[in-house]
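Down below is the structure, laid out as structure tokens.
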Amino acid sequence: MIEVREPGLMTTVQDTGRYGQYHIGMPPSGAMDQFAHKIANYLVGNNEDAPTLEMTYQGAELAFDETTLIAVTGADMSPTLDDEPIPTWTAVEVEAGQTLCFKFSQEGVRSYLSVAGGFDVPEIMDSSSTYTLIGLGGFEGRQLQTGDELHCGDETYEEDRIGSTAPNAHRPDYSQNDIRVIMGLCDYRLTDEGRKRFLNTEWKVSNEADRVGYRFEGPDITDMFEEREQPFGAGTDVTNVVDLGYPIGSIQMAGQPIVLMRDAVTGGGYATVGTLVSPDRSMLSQCRTHSGVTFESIGIDEALEIREERDDSLESLREKLR
Amino acid sequence: MTETEIKRQQLPSPRYEYGGDDYVFVELDEEMSFDANFKAQAITQEIRNRDLSGIIEVAPANASYLIQFDPKQLHANALIEELQTLESGIDITDYQWDATVYDIPILYEDPWTHETLMEFRERHQDPDATDLEYSARINGFESVQSFIDHHTGAPHMVTMVGFVPGLPFCFQMRPREEQIEVPKYEQPRTATPSRAVGFGGAFTAIYPVQGAGGYQLYGRTPVEVLNVEQELADFDESMVLPNPGDLLNFRQIDRDEYDAIREEIESGTYRYTKDTVEFQPHEFFKNPTRYNERIVEVIS
């Protein structure tokens, strides 16, 4: 059993996501940084979809009453075990009676904690991910609170796994702020000049940046839109469209650009103008409030290459840690 | 009541768009019409039936649809080609479906949405009127009551479910010249009561849970459209009530009936008034007034 002494700022149980329910308005949820989540699982010998804890900016304080294997990946929150620093991106054995502590993240936003066997919570619609808006999944459908008691799944692990580590080449640089997108969806609504301005702007991550979406601050976006007589059913604002579905990672133009993340609204009536290539959705989730981000327009072939590169990197690491 | 038929909409060539490396978004029309919506329903139903490998999500919307897929198993261009073939082979007048018709009671001008809309007056086009007063005026109705009568005067079709789980976008089953149209709030509100009935563009929305929202607020329904715990008998199979293609008949109620239904909902004994019809687009297009009367009859 693992007792939550301090929950941290926003700590939830997440996995690779809940799929097949988008048509009823259910977003996938799941770890915001899928890359870090999967590596945390590989390190302790889990399948990539085993539930981990996602911690945001300020991590938790957790007391273990059984011996197990853990790994911490993602943002560096300077983890300690009974006040002794432990390495990140590395499988570490925790002994019964020890306390794991995290501080405020120095770089990146989200840390992932895996335990051998995964955190044991009920699956809802084939996923353990937490979707707090409707109180679904994870640990009682909510973020962790002081006093919660977590349990691990099947806890056996091989001794020689202790100390396994992800080489530096597999650890992302979270200060990277160039986010690659395929422009499209409703980007026909932008003028040529507006499109240029959108891509040339360094946007600031606002303090409204969470699991639902990342809202950006920057120049007025209504100027970037083509004036038109609005089509029937769209609504009167120049950024309105007839309500449509939003891809996860799409950029919605509602007052300011908002990149929709894994707990996103699944659709609505604001023009979307592009979609982040999937690995960069994980990267954006590690961009901190007030940091600058630019959107780089790429084509489908390059997007597929980027995805393949990421998949290959995960696969080679999985093989290595097997 | 009018005898006008529903004019068929000539749809432009669909726009196929990449959504990153793992989505395809298809816009059938920039404007809303039954033609565009029925086509989105028909195509997405057909894709589900085909059970292509690599498909993750299939989500129809009002005049468009969205597909998520695994690029390892399916290339975006191969999917688009498949969709184009499908699109050219579909005639929506051949397409019919079993639609559930629901009675949806609404307390218009309820105290809860009234409190909310007064709180956000500075974000509204007309701070000196209520949302209903404003909507009635810009749509040429002489009173709020005649506007409400129009809103309940013909059933609505659920043309999309989304935004949040279980939120139905509802399009009234009338010819375009009789459709209500209103703008959304100038700036979205940060609060909306659960079960609020709102209107934006040409759509009525029922908000399943409390949260942000930009639609004009008209009233509140005592019945749930989302029941996560699935405690109510009508949510046996799914946690959301209506699906795209279902029909909602809005009915104005008073506070006493609202409270009585709420009591039944909270004690878990409420049963929805509903029945199933086979929805036939061509019959509806020909004479919507008569067709709507038949739909409402099955639940009265």
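Per-structure values
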{"item": "Overall dimensions of chain B as given by Cα atoms, namely Rg and Dmax in Å", "result": "19.7, 59"}
{"item": "Listed residues A:LEU133, A:LEU43, A:LEU199, most fluctuating in chain A (Gaussian network, C-alpha, under 10 Å)", "result": "A:LEU133"}
{"item": "Listed residue pairs exceeding 26 Å between alpha carbons, taken from A:LYS38/B:LYS72; A:LYS38/A:LYS196; B:LYS7/B:LYS39; A:LYS38/A:LYS204", "result": "A:LYS38/A:LYS196; A:LYS38/A:LYS204"}
{"item": "Point-to-point label distance, A:GLN98-B:SER13, nm (Cα→Cβ direction, 7 Å offset)", "result": "6.4 nm"}
{"item": "Of all DSSP beta bridges in the protein assembly as shown, antiparallel share, percent nearest 5", "result": "90 percent"}
{"item": "Given charges at Cβ of Lys, Arg, Asp, Glu: chain B dipole, positive-most of B:LEU247, B:ALA202, B:VAL228", "result": "B:ALA202"}
{"item": "Isotropic mean projected area of the C-alpha convex hull, chain A (nm²)", "result": "16.0 nm²"}
{"item": "Simple label model, 7 Å out from Cα along Cβ direction - B:ARG50 to B:SER194, nm", "result": "4.0 nm"}
{"item": "Calculated P(r) tail over 19 Å for segment A:178-311, as whole % of Cα pairs", "result": "46 percent"}
{"item": "Neighbour-count order for A:THR236, B:THR192, A:THR201, fewest beta carbons within 10 angstrom listed first", "result": "A:THR236, A:THR201, B:THR192"}
{"item": "Burial ordering of B:TYR23, B:TYR185, fewest other beta-carbon atoms within 10 Å first", "result": "B:TYR185, B:TYR23"}
{"item": "Size of electric dipole in the protein assembly as shown: Cβ of Lys, Arg +1 and of Asp, Glu -1, about Cα centre, debye, nearest 20", "result": "1100 debye"}
{"item": "DSSP bridge orientation in chain B - percent antiparallel, rounded to nearest 5", "result": "90 percent"}
{"item": "Proximal aspartates and glutamates to B:LYS184, defined as alpha-carbon separation beneath 17 angstrom and excluding residues fewer than eight positions away on the same chain", "result": "A:GLU229, A:ASP237, A:ASP243, B:GLU31, B:GLU119, B:GLU122, B:ASP126, B:ASP128, B:ASP131, B:GLU133"}
{"item": "Rounded D (µm²/s) - the protein assembly as shown, Kirkwood Rh over Cα pairs, Stokes-Einstein at 20 °C, 1.002 mPa s", "result": "84 µm²/s"}
{"item": "For segment B:105-223, radius of gyration divided by Kirkwood radius, i.e. Rg to Rh on alpha-carbons", "result": "0.92"}
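A short reminder: the numbers here are calculations on the coordinates, not readings from a lab. On a predicted model such as this, the values are computed, not experimentally measured, just so you know. A quick note on method: Cβ atoms are made from the backbone with ideal geometry, for glycine too, and the neighbour counts reach across all protein chains shown.
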